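What follows is a set of notes on a single structure, which appears directly below.
The values are calculated or read from the model by the stated rules, or taken from the named source; none is laboratory data. Worth saying up front: this structure is predicted, and the values here are computed from it rather than measured. All Cβ positions, even for glycine, are placed from backbone atoms using ideal geometry, and neighbour counts span all protein chains on display. Just so you know, the surface numbers come from the protein's heavy atoms only, side chains and all, with ligands and any DNA or RNA stripped out. Shrake-Rupley method; radii C 1.70, N 1.55, O 1.52, S 1.80 Å.
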Protein chains: 2
Amino acid sequence: MTSQASAESRPRVVIIGGGFGGLHAAQGLAKTAAKVTLYDRRNYHLFQPLLYQVATAELEPNNIAFPIRKILNKQDNCDVALGEVTSIDLKQRQISVNGGRVSYDYLVVATGARQSYFGHDEYRACAPGLKSVDDALEIRRRVLLAFEEAEWEEDETSRQAKLTFVIVGGGPTGMELAGAIMELASKTLPDDFHNIDTRCARVILIQGADRLVPGMPEDLAHRAQRVLEKAGVEIRLNTLVTEVTGEGVAIGEEHIAAENIFWAAGVQGQAVSGTLGVDLDRSSRVLVGPDMALPEHPEVFVIGDAAAATDAGTGNPVPGVAQGAIQAGDYVARIIATELKGKKPDSRPTFRYHDKGSMAMVGRGNAIAAIGKTHLGGFIGWLAWNFVHAMFLIGFGNKLIVIFEWFWNYVRHTRQSRLITGDPEVHIKDLRCK
Amino acid sequence: MTSQASAESRPRVVIIGGGFGGLHAAQGLAKTAAKVTLYDRRNYHLFQPLLYQVATAELEPNNIAFPIRKILNKQDNCDVALGEVTSIDLKQRQISVNGGRVSYDYLVVATGARQSYFGHDEYRACAPGLKSVDDALEIRRRVLLAFEEAEWEEDETSRQAKLTFVIVGGGPTGMELAGAIMELASKTLPDDFHNIDTRCARVILIQGADRLVPGMPEDLAHRAQRVLEKAGVEIRLNTLVTEVTGEGVAIGEEHIAAENIFWAAGVQGQAVSGTLGVDLDRSSRVLVGPDMALPEHPEVFVIGDAAAATDAGTGNPVPGVAQGAIQAGDYVARIIATELKGKKPDSRPTFRYHDKGSMAMVGRGNAIAAIGKTHLGGFIGWLAWNFVHAMFLIGFGNKLIVIFEWFWNYVRHTRQSRLITGDPEVHIKDLRCK
């Protein structure tokens with residue numbers, strides 16, 4: 001441990017956000033002279049790709065989240081603080097957090113993304129997104145309550161509306177959510193309800209583009225579509241939702257009566273990016289240079305979902321996935337480490353993204369995966385999906401428990417996490433806009 | 001499955017509450033001609049003895065809770081409904097639930113208990129109790145946030161108040177909570193905080209009686225006290241709290257500055273018991289006859305924590321523990337089953353409680369247990385505690401995961417469930433009365 005006096009004279013690196021980008025940036029600075037502080041408004045790192053399994057009662061939040069302190073506790077030069085950064089002052093090189101101001105020499109903005117409703121923020125109450133643990137628990141609560149209410153609903157039309165689930169957005173999250181809700185309705189729940197047949201539930205997946213998961217190879221998208229349709233999911237391609245209410249969604253003239261609408265259609269940067277006073281793209285992401293820094297402020301980096309960055313290798317945008325954030329976190333840590341040693345090169349090396357592949361779960365024992373030129377599907381894809389996702393989870397205990405849960409749920413068609421939490425007096429109707 | 005017409009002519013048994021009492025009553029009626037409906041305002045059965053482990057980040061809610069539907073799904077004559085029963089009309093033989101009225105031929109009230117503040121309901125906001133999953137998550141949130149705040153608190157006095165935990169009530173729950181918070185502070189968290197020494201946290205257990213756990217044998221209570229004191233818990237016996245605020249507790253003239261106060265001092269019946277219009281005891285429990293029924297209404301039984309019942313064998317009160325509810329649930333089911341067969345005896349057999357023992361966790365690898373005349377403590381007691389509690393958990397998957405968690409936490413000194421959930425913008429200070 002260094003003394004307090006020398007700590008204060010050390011160059012100060014502030015990192016905002018404890019997702020993959022922020023964590024990798026912090027860890028990459030472990031052996032430097034920097035004094036690092038990582039701020040997050042949550043005390044945990046969250047593995048977002050598995051959030052849909054929390055939403056569909058397969059996993060608990062603690063299975064996919066891990067305390068940031070615990071991850072970084074061996075790193076003496078890094079403090080972790082719970083706090084919401086409300087603004088960034090580029091001129092003064094300070095951030096505002098928890099009512100105070102903190103100075104930095106280098107700043108890494110890794111604040112991630114939130115759900116975007118494309119200007120229709122009024123949809124949020126009727127159609128929760130899936131970006132946080134609380135979002136996932138809210139979706140879970142709504143899904144489970146829908147069946148509870150349908151069980152005792154005597155009106156046929158109302159009952160069908162309660163048993164209709166609309167998912168807006170056909171990317172990996174929307175697709176995975178649709179498949180998992182269908183499985184819940186058709187495999188897990190039928191025996192538990194005596195007055196309704198939960199297999200009558202409708203799951204409708206609405207996608208604006210002409211195919212699912214546009215970020216993945218076309219043959220896999222078609223394969224996933226066939227599997228989902230066979231399972232009973234109704235897929236609407238080339239379709240845009242024109243209105244969302246507590247009663248359902250409108251698609252032009254058509255109205256689909258549905259009490260359960262979930263939004264997986266788009267993301268945008270966090271509000272703090274707007275306080276930088278620099279150019280943002282349409283999705284409120286910060287436009288960064290080929291070194292992930294602000295063109296006018298090389299001491300400020302923006303990485304991961306918060307940034308609109310370009311892969312210097314291919315000229316393509318860096319995708320908003322865990323690998324994009326991890327690689328950018330490692331990259332900016334290397335740049336800062338080099339410069340802290342006093343080696344300020346004329347120009348920094350540019351960021352090159354290495355595509356390690358992509359995968360998405362389609363249904364029970366079925367996933368698609370593109371790893372280089374290898375395209376996998378079905379059970380082999382599912383095994384690959386489970387293996388890769390478990391390996392990325394932090395904590396050996398977490399890995400074991402999640403693998404056990406997956407195995408158990410697969411074999412037994414069950415879900416371990418079917419609790420409706422929150423105040424029981426808040427009836428589901430009160431939470432929906434009418 | 002019987003047809004709708006015959007179903008309606010069947011005698012109708014309504015059970016309120018899906019705890020141990022309600023579940024056992026429902027299961028005991030499986031082979032009868034009755035049409036059973038079990039109402040609960042939660043969709044899950046909760047194993048309350050392990051709630052303190054949810055509160056102290058050791059287990060997740062789903063480890064100790066299980067969907068009531070799933071437990072009863074093979075029982076064709078039993079429906080499960082989510083709903084809050086707001087009143088009971090003994091004359092009309094109807095309950096009011098979810099805005100409607102439902103008739104019964106037999107009623108089993110198994111609504112359990114809630115925290116009692118002995119007339120000081122204003123303490124509730126400052127000193128949450130531990131009776132529900134939401135209570136447990138609130139305590140967990142406060143405990144974890146206390147360390148987060150202390151890490152950045154510069155004022156020495158304020159920091160110590162943030163790191164002081166007062167538990168009011170020295171029964172099993174209070175004792176277990178105190179031991180677990182002490183362990184968290186002294187074993188799990190020290191490495192994770194760089195600016196504070198979490199081992200400086202004070203845990204103060206306040207007990208009105210002259211010893212801990214008055215329901216257990218005296219030698220075990222003394223043994224537990226020694227273990228807790230050795231671990232650093234400050235125990236105040238013969239002590240009554242005279243005031244509770246957001247800044248601490250008063251004990252007569254003395255004031256203990258503490259931002260974290262938890263209440264484990266007493267329980268009372270649920271509000272619905274008051275609508276019966278019959279005699280209640282001081283704790284709002286319904287006074288029942290030796291057959292667990294209302295003296296004037298033999299078709300209405302009250303069991304478990306909702307009842308003030310007497311063991312016909314010993315003349316002692318039936319204790320408010322899981323075994324009391326389980327045995328009463330089995331007992332009333334037998335009475336109803338007999339009477340449904342048309343055999344109405346002149347007098348019912350009286351309820352006799354079989355004491356199967358009691359146990360409480362004291363600390364890491366240490367528990368006390370009284371089983372008949374055998375008194376266990378230390379590691380053997382801990383093994384017995386783990387074995388018995390795991391066996392009572394519902395669901396084989398739950399058992400395996402909980403045993404794994406306990407083993408893992410024991411070996412690694414870790415806690416898997418250290419997430420602070422809820423809205424991050426709600427700072428802890430706003431939630432405490434000042």
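Odds and ends about this structure:
- Label point at A:K356 placed 7 Å out along Cα→Cβ; residues across region A:298-326 whose backbone nitrogen lies under 13 Å: A:321-326
- B/A buried area, accessible surface, summed, 1.4 Å probe, Å²: 4700 Å²
- Sites B:I403 and B:R101, calculated FRET efficiency, Cβ-Cβ separation with R0 35 Å, nearest 0.05: 0.20
- The trypsin sites (Lys or Arg not before Pro) found in region A:160-239 include none that occupy coil by DSSP while having at most 15 further C-beta atoms within 10 Å.
- Per residue solvent-accessible surface (Å²) - region B:111-164, probe of 1.4 Å: 37 Å²
- Chain A, rotation onto B, residue closest to that axis via Cβ, with its distance in Å: A:E60, 2
- In the assembly of identical copies, A:H255 has its label point, taken 7 Å from Cα in the direction of the beta carbon, separated from the corresponding points by 6.1 nm (ascending, one decimal).
- Accessible area (Å², per residue) of region A:298-350, counting only protein heavy atoms and a probe of 1.4 Å: 44 Å²
- Counting Cβ atoms of other protein chains within 10 Å of each residue's Cβ and taking the mean over peptide A:39-46 gives 3.
- Distances from A:A209 to itself in the other copies, using label points 7 Å out along the Cα-Cβ axis, amount to 6.6 nm in increasing order.
- Sparse-neighbour loop sites [trypsin sites (Lys or Arg not before Pro); region A:1-87; at most 13 other C-beta within 10 Å; DSSP]: A:K31, A:K74
- Prolate/oblate/rounded call for region A:24-130, Cα gyration tensor, a/c under 1.5 rounded: oblate
- Set of lysines near B:K343 by C-alpha distance (under 21 Å), chain-local residues within fewer than 8 positions excluded: B:K31, B:K35
- For peptide A:60-73, the mean count of partner chain Cβ atoms within 10 Å of a residue's Cβ comes to 6.
- Sum of -39500 (n - 2.57) over DSSP H runs of 4+, divided by residues of chain B (222 nm, nearest 500): -9000 deg cm²/dmol
- Set A:K344/B:K187; B:K131/B:K162; A:K74/B:K131 screened for pairs whose C-alpha atoms are more than 32 Å apart: A:K344/B:K187; A:K74/B:K131
- Buried on assembly, region A:144-178 (at least 30 Å² less accessible surface than by itself, 1.4 Å probe): A:E148, A:W152
- On chain A, 52 percent of the accessible area sits on carbon and sulfur atoms, based on a 1.4 Å probe.
- Cα gyration tensor category, rounded, prolate or oblate, for the protein assembly as shown with a/c compared to 1.5: oblate
- Between amide H atoms placed 1.01 Å from N, distances below 5 Å from B:E84 occur with B:N98, all of them 5 or more places distant or on a separate chain.
- GluC sites (Glu not before Pro) restricted to region B:258-355 and DSSP loop, no more than 11 other C-beta within 10 Å: B:E296
- Between the alpha-carbon centres of region B:340-384 and region B:148-170 there is a gap of 38 Å.
- A straight line joining the Cα centroids of region B:226-258 and region B:14-93 runs 36 Å.
- Computed about its Cα centre, the charge dipole of the protein assembly as shown is approximately 2140 debye, with only Lys, Arg, Asp and Glu carrying charge at their Cβ.
- Rounded, prolate or oblate (a/c below 1.5 giving rounded, otherwise prolate when a/b exceeds b/c) for chain B by Cα gyration tensor: prolate
- Magnitude of the charge dipole, region B:239-296, Cβ model with Lys/Arg +1 and Asp/Glu -1, debye to 20: 220 debye
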